[in-house]
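Remarks on the structure that follows.
Any read-out appearing in this document is the output of simple, stated calculations on the displayed coordinates, not a laboratory observation. All figures in this text were calculated on a predicted structure; none of them were measured in a lab. A quick note on method: Cβ atoms are made from the backbone with ideal geometry, for glycine too, and the neighbour counts reach across all protein chains shown.
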């Protein structure tokens, strides 16, 4: 289920309902036609909440030229409610592409971000692909480390504990900003501790994903050290997907 797309269709449904309430003011027929195309795209992309519901709505929308505005409004309200209910439900565990992540909240976030990244790639939104790829890399490494936080936070291997003479490092279990691990730290920690193959992944993850991702910062973009292209965006995503295949083989011990 493509949640960003569903949210956009729900927004259009709600606008259409509002327009049909003010039928003498708003060009509701044009909006209904645009909404019909969006619902049809849901069916085409196989992201439908229910194919039957979408087919029924299309049938109702196709009748708008007959002037049955109430039918269209009711149909739009019905689909808006269906989408709203569906958005409350995360991707089922059986369908997740991140079964190796034990933290369910991170798992849901990863599934949604990967879907959005692939949609951006299909549309040629290269900077969005690059930034989202970095987000997925960061969340997947946090997720795999949270599978066994006791092992991760052991002072014999924690990066901050070693740097500051035994001081406990930032808690990998915490969502507080003060405890957050940078993407650079996550990559280095994973490679230093055998979670990822150092010789295979350290430089590739830094160069193909982390450094281009930093263009989200205005100053980094203005320095002009990196340029995002279609090729670089595709390479970032390809590198990420290859790395994700290695994470389930991680040497991180079970809790």
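With an 8 Å Cα cut-off and a minimum separation of 6 or more residues, compute the relative contact order for the range 93-249 in percent. Mind dumping the intermediate values first?
Details: 165 pairs, mean separation 37.9, N = 157.
Averaging sequence separation for qualifying contacts and normalising by length gives 24 percent for the range 93-249.
Classify the range 94-157 as rounded, prolate or oblate, taking a ≥ b ≥ c as the square roots of the eigenvalues of its Cα gyration tensor: rounded when a/c is under 1.5, otherwise prolate if a/b is larger than b/c and oblate if not.
Details: a/c = 4.51, a/b = 1.91, b/c = 2.37.
The shape class here is oblate.
Any chance you could run the full-extension gain for residue 34 through residue 174? It's 0.36 nm times the residue separation minus the Cα-Cα distance, nm to one decimal.
Numbers: separation 140, 0.36 × 140 = 50.40 nm, distance 4.41 nm.
Separation in residues times 0.36 nm, less the Cα-Cα distance, equals 46.0 nm.
For the range 173-235, what is the per residue volume of the convex hull drawn over the alpha-carbon atoms, in cubic angstrom? Don't skip to the answer; put the middle values down first.
Details: hull volume 7.4 nm³, N = 63.
Here the figure is 117 Å³ per residue.
What FRET efficiency would be calculated for the residue pair residue 204, residue 227, taking the C-beta separation as r and a Förster radius of 22 Å, to the nearest 0.05?
Values: r = 19 Å, r/R0 = 0.84.
That gives a FRET efficiency of 0.75.
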